[in-house]
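Asks: Below you will find the structure I want to go over with you.
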Amino acid sequence: MSLAAATALAAPATTTAAESHGFLSPTGVEITFLLVGLVTFGAAIVTVTTRQLVHAALWLVVALGGLAVEYLLLTAEFIAWVQVLIYVGSVVVLLLFGLMLTRAPIGRSPDADSGNRWAALTVALAAAAALVWVVVDAFRTTWVDLAGPASGSTEVTGASLFQNWVLPFEALSVLLLAALVGAIVLSRKAKSAEKEEAR
């Protein structure tokens, strides 16, 4: 068998993921991605519309966990576990500790609604449209073969994160520490004020 014949036989096996199936015949991974995305979107809507702070924090856990599942479905395991460890495991726990230390109301809080819903909705829709436009424009011709091997390794991703993005990563940790210290200071001021009123 000549080299040209072997190349001709091997060519059909190298079709891209976009050519293997059409838009009207989605795979199980794509259906799961869509369903998890709808659940995540619903949890995010409830997070920003509820007037109970603790419920908002718990729905935020659902939204961030849904994003981690989406990353897993896109074969980005490292980013998925970073999402779980940092956002679900640190940010939400810090938020709940802040709610407990500042003695935030457990029930419905009228202060949770600022009355600027239309302005917030306009800004959110504009930001979402800009984000979708940027992502679609950047990855218009890029296809990810979800059935194939992962496109990146943990070593490469970790090296890029801790070489190019180490400063924002550390700035975020300092910001979280400042938020926790601020919550402790506010809770101590409230306790001292209560003691002075009791006297």
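The values are calculated or read from the model by the stated rules, or taken from the named source; none is laboratory data. It should be emphasised that the depicted structure is a prediction, and the values quoted were computed from it without experimental measurement. Every residue, glycine as well, gets a Cβ built from its backbone with ideal geometry; the counts of neighbours run over all protein chains shown. These accessible areas exclude ligands, DNA and RNA; they are computed on the full protein's heavy atoms, side chains included. Shrake-Rupley method; radii C 1.70, N 1.55, O 1.52, S 1.80 Å.
Asks: Just need a number here: residues in the stretch 30-52 that are assigned to a helix (DSSP H, G or I) and farther than 22 Å from VAL123 by Cα.
Replies: 8
Asks: Turning to a different aspect of this structure: Which condition number in (1) open to solvent by 70 Å² or more (accessible area, probe 1.4 Å); (2) assigned to a helix (DSSP H, G or I); (3) over 23 Å from LEU180 (Cβ atoms) is the one that LEU85 fails?
Replies: Unmet for LEU85, out of (1) open to solvent by 70 Å² or more (accessible area, probe 1.4 Å); (2) assigned to a helix (DSSP H, G or I); (3) over 23 Å from LEU180 (Cβ atoms): (3).
Asks: What's the number of the only condition in (1) hydrophobic (A, V, I, L, M, F, W, C); (2) assigned to a helix (DSSP H, G or I); (3) at pLDDT below 60 that MET1 fails to meet?
Replies: (2)
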